Amino acid sequence: MAKRKTIADILAMKKEGVKITMLTAYDAAMASMLAASDVDMLLVGDSLGMVVLGYDSTVPVTMDEMIHHAGAVRRGAPGAFVVGDMPFGTYNSGKRDAIINGSRFLKEAGCDAIKLEGGLEVCETVTAMVQAGISVMGHIGLTPQTATQLGGYKVQGRDVEAAKKLVEDARALEKAGAFALVLECIPDELGRIISEETGIPTIGIGAGVHCDGQVLVTHDLLGMFEKFIPGFVKTYCKLAPTIKEAVADYNNDVRNSAFPGEAHSFSSESDLRSLLGL
């Protein structure tokens, strides 16, 4: 098993020009497979609300749900660098709540760091959390928890003022103590500029190839979530049709008494019916 990465390792990857990979994980089995595939970081994203729990958005996800899934990921991938995603309402109400809830990710779930959304408006909270011993990953651009305020799920930073604001947000988050930044749904040139203007790694999702790393929702990468597919996703395989076909074959075998067959059954060495007096 590879040695668990540290924040120092992740910062060094940017300095050395080594691209960083991050994928979402919500359970022990998937976390184990991803860790075995040498992914640099696992994100227990609040996207689990949509791809695992069936919510219409990430907003309903609770802290207890996040801790439950983050703990499973840690147990499945004890050697991975795991980031827990702070759900909506768990850090917006102030520094104290943010520290209490962020600490739960470290104490109860065994995470290495947390991620939260927002720019300048959350910098004081980020600083307070870092001072309390909680490593923080920022997230700017399209922020799904507040997407309605941004006009929906659309590209951010297209005009000069919006782009300037995102550069300022990135610089402020770095100064506040964030060790990395997720850049979501912004023009690729803006992704390049922010990556060049900050000393901490940028992890892109729909932010172009010039970011220091990339993240995807694993269910999207594997073609397991069919409700919608964002335009920035590359689907590396399509497991959903394969799974449905396998289940259909199982249903057919059971209904036609083809399963279980002799290879999947246990035989008796004696005539049980006679022994039981039947």
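The values are calculated or read from the model by the stated rules, or taken from the named source; none is laboratory data. Please read these numbers as outputs of a predicted model, since none were measured by experiment. All Cβ positions, even for glycine, are placed from backbone atoms using ideal geometry, and neighbour counts span all protein chains on display.
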Single match in A147, A207, A240, A178 (criterion: assigned to a helix (DSSP H, G or I) and modelled with pLDDT of 95 or more)
A240
Test M30 against the stated conditions and say whether it is touching a residue at least 24 places away in the same chain (Cβ under 8 Å), out of contact with any helix residue (DSSP H, G or I) (no Cβ under 8 Å at 6 or more places or on another chain) and assigned to a helix (DSSP H, G or I).
no
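Residues checked against (1) over 30 Å from V160 (Cα atoms); (2) in contact (Cβ under 8 Å) with a residue 12 or more places away in the chain; (3) surrounded by 14 or more Cβ atoms within 10 Å (Cβ to Cβ); (4) in the same structural domain as V82 (by TED's automatic domain parsing):
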site	(1), (2), (3), (4)
T202	no, yes, yes, yes
A207	no, yes, yes, yes
G213	no, yes, yes, yes
M224	yes, yes, yes, yes
K234	no, yes, no, yes
Considering residues that are surrounded by 12 or more Cβ atoms within 10 Å (Cβ to Cβ) and either touching a residue at least 24 places away in the same chain (Cβ under 8 Å) or among the aliphatic types (A, V, I, L, M) (or both), the number found within region 236-250 is 3
Residue, farthest from A162 (Cα to Cα), within region 183-200, restricted to residues that are hydrophobic (A, V, I, L, M, F, W, C) and assigned to a loop (DSSP other than H, G, I, E, B)
I200
In region 36-47, which residues are within 19 Å of V126 (Cα to Cα) and part of a loop (DSSP other than H, G, I, E, B)?
G45, D46
